[in-house]
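Below: the structure, in C-alpha cells.
The values are calculated or read from the model by the stated rules, or taken from the named source; none is laboratory data. This one's a predicted model, so the numbers in the text were calculated from it and none came from an experiment. Cβ: placed from backbone, ideal geometry, glycine included. Neighbour counts: every protein chain shown. Only protein heavy atoms, including side chains, enter the accessible area calculation; ligands, DNA and RNA are left aside. Shrake-Rupley method; radii C 1.70, N 1.55, O 1.52, S 1.80 Å.
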Amino acid sequence: MVKHLYNGVTIECVQGNIADQPDMDAIVNAANVELRTGGGVAGAIHRGAGPELEAECRQFAPIRPGEAVITGAHHLPNRYIIHCLGPVYGVDEPSDKLLGDCYRNALQLADENGVQSIAFPAISTGIFGYPLEPAASIAIKTTIDTLPGLKNVKHIRFVLFGDADQQCFMRVFSTFVETG
Ligand code: AR6
C-alpha cells in the first residue's frame, strides 16, 4: 500500500473490493447509463446494497459520461454511493477529459455532502476498455488538482481489484508524489 499526505489529505492505493470498504463515508460506482446493476464494480455494489439501490437510482437515469450522482448506500455500511459513468474507450470522446470529469465531479459532490472519506475504483478500466496506465494518471492527477477546492474530504482511497492494477496505480502515484 502507498499512502501519502497531500495538502492535508491522505491519498492511498490499496488492493481490494470496492464493495467492502466499511470505514469509508462514500464509495464510487463505475456505473452504466441506466444506473442499474451490471458486471464488475456495479455488480458488486448493487449486490451489496440490495434492490433498494436500483429503485433509488431510477430518478437519476440516464446519466452522461463524466457525470456523477449521489445516493444512499442501503445495505452497504457506507453513508453514500456516488455513481459515475466513465467513458467507453474509443467511443466517448474526448475520453481523457470525460474520465477526469468523473473524478472531479465525484469529489466535488462528495465534498458538498460533507463526505470526509471516499473510495474510488479504477473507473472505465474494465468492461469500458480504458488502458490502465493512462487511466491511473488521469485519476491521480485530477484528484490532486481538485484537492485545493475541497473543504470536507480528508481521505481518498483508490481500490484496485488485481495485484498488477494496484502496482500500476502505486507506480503512477509515486511519480506525482516525487514531482509534486
Ligand atoms: N472492486 C474493485 N474493483 C473492481 C471490482 C470490485 N469489486 N470489480 C471489478 N473491478 P468495471 P467500467 C475493477 O468493468 O470499465 C459494468 O458492468 C476492474 O478490474 O466494473 O467503468 C457497468 O454496468 C476494472 O479495473 O467498470 C457498466 O456497463 C475496474 O474495476 C460497465 O461495467 C472497472 O471495471 C462499466 O465499465
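Select from the stretch 61-106 the residues that are basic (Lys, Arg) and touching a strand residue (DSSP E or B) at 6+ places or on another chain (Cβ under 9 Å) and list them in ascending order.
Arg79, Arg104
Of the residues that sit in the stretch 90-116 and are within 16 Å of the ligand (Cβ to nearest atom) and touching a Leu at 6+ places or on another chain (Cβ under 9 Å), which one is least open to solvent (accessible area, probe 1.4 Å)?
So, considering only residues that are within 16 Å of the ligand (Cβ to nearest atom) and touching a Leu at 6+ places or on another chain (Cβ under 9 Å), the one least open to solvent (accessible area, probe 1.4 Å) is Cys102.
State whether the residues of the stretch 117-140 include one that is in contact (Cβ under 8 Å) with a residue 60 or more places away in the chain, outside any helix (DSSP H, G or I), surrounded by fewer than 19 Cβ atoms within 10 Å (Cβ to Cβ) and among the β-branched types (Val, Ile, Thr).
Looking through the stretch 117-140, at least one residue is in contact (Cβ under 8 Å) with a residue 60 or more places away in the chain, outside any helix (DSSP H, G or I), surrounded by fewer than 19 Cβ atoms within 10 Å (Cβ to Cβ) and among the β-branched types (Val, Ile, Thr).
For the stretch 2-52, give me each residue that is open to solvent by 50 Å² or more (accessible area, probe 1.4 Å) and within 15 Å of the ligand (Cβ to nearest atom).
Once the filter is applied, which keeps residues that are open to solvent by 50 Å² or more (accessible area, probe 1.4 Å) and within 15 Å of the ligand (Cβ to nearest atom), the stretch 2-52 yields Gln15, Asn17, Asp20, Pro22, Val33, Glu34, Arg36, Thr37, Gly40, Arg47.
Tell me yes or no: at least one residue of the stretch 56-64 is β-branched (Val, Ile, Thr) and in contact with a Leu (Cβ under 6 Å, 6 or more places away or on another chain).
Yes, the conditions are met somewhere in the stretch 56-64.
Regarding the stretch 148-161, can at least one residue be identified that is within 11 Å of the ligand (Cβ to nearest atom) and more than 12 Å from the chain's Cα centre (by Cα)?
yes
Taking the stretch 43-56, which residues are over 21 Å from Val88 (Cα atoms) and either of a type in the set (D, E, K, R) or part of a helix (DSSP H, G or I) (or both)?
Arg47, Gly48, Ala49, Pro51, Glu52, Leu53, Glu54, Ala55, Glu56
For Thr37, which of the numbered conditions (1) in contact with a strand residue (DSSP E or B) (Cβ under 8 Å, 6 or more places away or on another chain); (2) over 22 Å from Gln108 (Cα atoms) fails to hold?
The number of the failed condition is (1).
Looking at the stretch 162-180, which of its residues are open to solvent by 40 Å² or more (accessible area, probe 1.4 Å) and within 15 Å of the ligand (Cβ to nearest atom)?
Result: Asp163, Ala164, Asp165, Gln167.
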